[in-house]
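J.: Starting off with a structure, shown below.
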Amino acid sequence: MGVDSDGTEDAGWDVDPEDEQGVAVLSALGRQLRIWREQAGMRASDLGVAIGYGEDLVRKVESGKRIPRPEYLDKADEALGAGGKIRAMKPDMEQVRYPKKVRDLAKLEARAVELSAYGNHNLHGLLQTDAYARALFEMAQPPQSPEEVERGVAGRLARQSIFDRVPPPALSFVQEEVTLRRTIGGTMVLRRQLERLLKLAQLRNVTIQVMPTNCDDHAGMGGLIQVLKFGDGTAVGRSEGVFNGRPVSEPRQLQILELRYGMIRAQALSPRASRAFIEQLLGEI
């Protein structure tokens, strides 16, 4: 999140020029906003004052160079007397609000009826708290700008709407013990993160297991694994250790990933024992 030239806090993020879909949608949205403003007989500076943002930001949004936050559209709708027509643009804007790779992943997760994921470096994005996700983005190398961090965190948290879906998908996670012990963001961030894991583990459609460090046999030494299955019988998966880390959808390739994940689940602590283990870690903090 940035600051406008007049010191007003920005209401969105810059558009990635390589994101063709995002550029097209936001250019169209910006044109509509400019038309509404001109029909209302307002200058960009007037609208900025009316909705509490700087003139530079208004012009960036209208030129399709800035992704506005939902509240920006709400305020513009009221100030321009659009009767909800500007507010109605929010679904289109939401489609391109986050980076393309995040949107693509979110679309797959939104279709999935089953998700299986093994993580060995940090917690899966769907499991992360705001503070944990923010700490990960802030420690990225090369360093990300505050705006990039904000957009990354928002995109990751938006994906977590998968837990509210009806009917709910079956979600299975196996996490390495070290991911539960590493104090990403500090002790209190880790504590809140462990508490979130216990809360999610209470959901009937969510299974969380821990792979203990003290384990003689381990089928996950090839790195992270994720498999998404869809209602039409198709699936897509990826693993760091096979197929050069590329997403795969061929049944023969998916069978390998599912075999490995099945072995990992069998070698990990049971869901009940995993909950007890997480509770024990909380007691140690």
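The values are calculated or read from the model by the stated rules, or taken from the named source; none is laboratory data. Remember, it's a predicted structure, so these values are computed and weren't measured experimentally. Note that we place each Cβ from the backbone using ideal geometry, even for glycine, and neighbour counts take in every protein chain shown. The accessibility values were calculated without ligands, DNA or RNA, using every heavy atom of the protein model including side chains. Shrake-Rupley method; radii C 1.70, N 1.55, O 1.52, S 1.80 Å.
J.: Do you know which residues across the stretch 216-255 are part of a loop (DSSP other than H, G, I, E, B) and open to solvent by 60 Å² or more (accessible area, probe 1.4 Å)?
T.: Correct list: Asp216, Asp217, Met221, Gly231, Asp232, Gly233, Thr234, Glu240, Arg246, Pro247, Ser249, Glu250.
J.: Okay, moving on. Just need a number here: residues in the stretch 90-114 that are open to solvent by less than 30 Å² (accessible area, probe 1.4 Å) and either at pLDDT 90 or above or in contact with a Ser or Thr (Cβ under 7 Å, 6 or more places away or on another chain) (or both).
T.: Within the stretch 90-114, residues that are open to solvent by less than 30 Å² (accessible area, probe 1.4 Å) and either at pLDDT 90 or above or in contact with a Ser or Thr (Cβ under 7 Å, 6 or more places away or on another chain) (or both) number 2.
J.: Are any residues in the stretch 40-58 over 28 Å from the mean Cα position of the chain (by Cα) and free of Cβ contacts under 8 Å to residues at least 24 places away in the same chain, and if so, which ones?
T.: Gly41, Arg43, Ala44, Ser45, Asp46, Val49
J.: For the condition aliphatic (A, V, I, L, M), modelled with pLDDT under 85 and surrounded by 14 or more Cβ atoms within 10 Å (Cβ to Cβ), what is the one hit in Val61, Val15, Val49?
T.: Within the list Val61, Val15, Val49, the selection yields Val15.
J.: Also, I was wondering about something else. When you look at Arg191, is it more than 30 Å from Gly30 (Cβ to Cβ) and basic (Lys, Arg), yes or no?
T.: yes
J.: Test each condition in (1) modelled with pLDDT of 95 or more; (2) open to solvent by 70 Å² or more (accessible area, probe 1.4 Å); (3) not aromatic (Phe, Trp, Tyr) for Ile278 and report the one that comes out false.
T.: Of everything listed in (1) modelled with pLDDT of 95 or more; (2) open to solvent by 70 Å² or more (accessible area, probe 1.4 Å); (3) not aromatic (Phe, Trp, Tyr), Ile278 misses just condition (2).
Conditions tested, residue by residue: (1) open to solvent by 50 Å² or more (accessible area, probe 1.4 Å); (2) over 30 Å from Ala235 (Cβ atoms); (3) over 12 Å from the mean Cα position of the chain (by Cα).
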| site | (1), (2), (3) |
| --- | --- |
| Asn120 | no, no, yes |
| Met139 | yes, yes, yes |
| Val153 | no, no, no |
| Arg191 | yes, yes, yes |
| Leu197 | no, no, yes |
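J.: Out of the stretch 155-184, which residues are under 18 Å from Leu282 (Cβ atoms), open to solvent by 50 Å² or more (accessible area, probe 1.4 Å) and not in a helix (DSSP H, G or I)?
T.: Residues satisfying the conditions are Arg182, Thr183.
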